[in-house]
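Visitor: This is the structure I want to talk about, given as structure tokens.
A short reminder: the numbers here are calculations on the coordinates, not readings from a lab. Small disclaimer: the values here were computed from a predicted structure and weren't measured. Neighbour counts are summed over all protein chains in view; Cβ atoms, including those assigned to glycine, are modelled from backbone coordinates with ideal geometry.
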Amino acid sequence: MVDNTARQLDMLEPQRREAPQARPKVQPATQPATKVAFSPLERLLSVVLGLVAVGFCLCYLTASMHLANLTRTYQTVQNQVTVQKRIIADDKQTVGELSNSDRLNSYASAHGFAVIEGNIKHAVK
């Protein structure tokens with residue numbers, strides 16, 4: 001019983017086995033030979049939508065350029081206002097320094113004048 005029946009059958013089996021065959025490639029369904037054309041309405045709608053899109057783009061560009069121009073103008077005006085405020089502050093300080101009573105008294109005494117407080121007019125806002 002050294003021989004095994006399963007081995008004996010296994011040795012006979014290779015003769016009966018079939019070799020695997022290559023499967024034939026399946027061709028995809030062929031495309032229809034005729035193309036479906038756009039109808040005149042579809043063409044018109046495509047053109048109109050394209051023109052509307054271009055119009056929106058042009059409006060957006062124009063608005064953004066106008067906004068940039070307004071921003072630049074606003075910044076220029078703000079700079080001019082700041083310069084004028086600084087000039088006004090400097091002028092107020094100069095008027096305050098020039099109208100100081102000690103300065104007036106020293107100038108008057110240096111030039112031989114007398115300061116009478118009643119004759120001095122104060123410009124006050």
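Visitor: Assuming 0.36 nm per residue, please report the length gained on full extension of the stretch Arg72 to Asn119 beyond their Cα-Cα distance. Walk me through the intermediate numbers first.
Guide: Details: separation 47, 0.36 × 47 = 16.92 nm, distance 5.04 nm.
Value of the extension gain: 11.9 nm.
Visitor: Shifting gears a bit: Provide the FRET efficiency to the nearest 0.05 for the Gln93-Met65 pair, computing r from the beta carbons and using R0 = 41 Å. Don't jump to the answer; show the numbers that get you there.
Guide: Details: r = 43 Å, r/R0 = 1.04.
That gives a FRET efficiency of 0.45.
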